[in-house]
Number of protein chains: 2
Amino acid sequence: MKILITSGGTREKIDAVRSIANHASGSLGKQIAEKFLAQGHQVTLVTTKTAVKPARQPNLCLAEITDVSSLIQTLEPLVKTHDLLIHSMAVSDYTPVYMTDLDEVQQAENVTELLSRKNSQQKISSAADYQVLFLKKTAKVISLVKQWNPQIKLIGFKLLAGVSKDTLFAAARKSLINNQASYILANDLFEIKADSHHAFLIGHTEIHEAFTKSEIAQLIYEKGIQND
Amino acid sequence: MKILITSGGTREKIDAVRSIANHASGSLGKQIAEKFLAQGHQVTLVTTKTAVKPARQPNLCLAEITDVSSLIQTLEPLVKTHDLLIHSMAVSDYTPVYMTDLDEVQQAENVTELLSRKNSQQKISSAADYQVLFLKKTAKVISLVKQWNPQIKLIGFKLLAGVSKDTLFAAARKSLINNQASYILANDLFEIKADSHHAFLIGHTEIHEAFTKSEIAQLIYEKGIQND
């Protein structure tokens, strides 16, 4: 069984110096990869330069990406040649389009016209007191997986912050169905601490609860290798 | 001589999950710190969780910060008790105020009214096709240094991207004078490669050129310990 895991977080450039990032460290994806490696599986880990990674070893293949666009380019051929994808990477949902000062926004007849402008400076000037950054939605990578390979088994992730269990479960179930996933690991940022990580692995007919990254990795391992 | 060095880059939170970051890795600050440590100096390094750091050793004191506000809080007492500050950290010049969808911006009578709104969700919804992020200028940390301690010797940094040497030098000289620095290390992002780092150390009556991080660290060491 060929295992594909994504970990860490994408970054979207605002200009040559600045970018929008998220707080993903890659540590959960690392533990999941290590679990499969310890059982003798071949693992391909798609991750970022700054994410924490398992030690180099013969059964581990590493691919580094930066933004959503590079993730898609790297992931598509890999999804087509693997049996299981565990998509734990935090993928940016917006990417910068244009950044300008408040004056230009106030002077625009319609703000939508600003969406077609482009920054010409490599590092956007920091003279103005206020700046306005326009962002557009990125492609939903998880929704492309089954288009690329209808046969691959998919375990997705849903991270929210400070929501009720109902809201979290509803969002996870929506992702489960829309993306034809086998399971969604649902978790709330406020229940991730240094030494604990509360999460639910939500399937079509079952829910499993875990309290540490190690328990999450074990659950995902068991459900990942089992025949559906 | 008590040496204070800043390295890495600040991050400003958009919400519980997203932030605006910059591409600073902390590697130049690390090499500068190592140069002073190797000569037996006591070094305090103010840096970030993700920045690369020198190995732990008795003469090195580490302080970790996250955003500009935490940098100011940490730096002020340290500036008052050190003799030399080498401020190589890439400090965010804007911090998020409010993020909303395009509709709300179009409906606002005046966009300035949006600057006083606050996001109530912990993770801002990703439903809209476009989002607009309003940012305000952060406090210029380097301009506070001599207010905190008029006696401290200050070496600042100026990073631009894809500009002429004239533009870079003019920006560095402006910082040198406005911030009462002894030197400004001026560099262009496009002249920083994996194995080379072109920079100019600009003083009030002299300019020194360097081509690697090691040469920069050596220059800053020599000029840092010399009596003005």
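Over every Cα atom in segment B:56-190, the radius of gyration and the widest Cα-Cα span, Dmax, amount to 19.3, 59 Å.
Over all alpha-carbon pairs in segment A:94-136, figure out the percentage whose distance exceeds 11 Å.
66
For segment B:178-227, the normalised intensity computed at q = 0.25, 0.29 Å⁻¹ comes to -0.95, -1.14 (log10 of I(q)/I(0), Debye sum over alpha carbons, equal scatterers, no solvent).
Candidate cross-link partners of B:Lys2 among the lysines, defined by an alpha-carbon separation under 24 Å and a same-chain spacing of 8 or more, comprise B:Lys30, B:Lys35, B:Lys49, B:Lys53, B:Lys80, B:Lys140, B:Lys146, B:Lys153, B:Lys158, B:Lys213, B:Lys223. Counts of other chain beta carbons within 10 angstrom of each beta carbon in peptide B:132-142 average 4.
With a cut-off of 15 Å on the backbone N, the residues of segment A:86-100 near the modelled label site 7 Å out from A:Lys136 along Cα-Cβ are A:93-99.
Which angle between 0 and 90 degrees, to the nearest 10, do you get for helix A:165-178 versus the longest principal axis of chain A when only C-alpha atoms count? Approximately 90 degrees, to the nearest ten.
By the count of other C-beta atoms within 10 Å, a proxy for reagent exposure, A:Thr47, A:Thr138 are ordered fewest to most as A:Thr138, A:Thr47. Sorted ascending by nearby beta carbons within 10 Å, beginning with the fewest, B:Val132, A:Val68, B:Val52 become B:Val52, A:Val68, B:Val132.
Is the C-alpha gyration tensor of segment B:136-214 telling us rounded, prolate or oblate? Criteria: a/c under 1.5 is rounded; beyond that, a/b larger than b/c is prolate, otherwise oblate. Could the numbers behind the result be given before it?
On the way: a/c = 1.89, a/b = 1.56, b/c = 1.21.
Because a/c hits 1.5 or more and a/b exceeds b/c, segment B:136-214 counts as prolate.
Kirkwood's formula applied to the C-alpha pairs of chain A gives a hydrodynamic radius of 18.9 angstrom. The residues neighbouring B:Ala51, those whose beta-carbon lies less than 15 Å from its own, together hold a net charge of +4 under the Lys/Arg +1, Asp/Glu -1 convention.
Among residues other than A:Gln151 whose Cβ falls under 11 Å from its Cβ, what is the net charge (Lys/Arg +1, Asp/Glu -1)? Each step should come with its number before you reach the end.
Details: positive: A:Lys80, A:Lys146, A:Lys153; negative: A:Asp83.
Net of charged neighbours comes to +2.
For B:Lys2, the shell of other residues with beta-carbons less than 14 Å away shows a net charge of +1, using +1 for Lys and Arg and -1 for Asp and Glu. Computed log10 I(q)/I(0) for the protein assembly as shown at 0.06 Å⁻¹: -0.30, from the Debye equation with unit scatterers placed on every C-alpha and solvent omitted.
Quick note: the coordinates plus some simple rules give every number you see, no bench work behind them. Quick caveat, the model's predicted, so the values are computed rather than measured. All Cβ positions, even for glycine, are placed from backbone atoms using ideal geometry, and neighbour counts span all protein chains on display.
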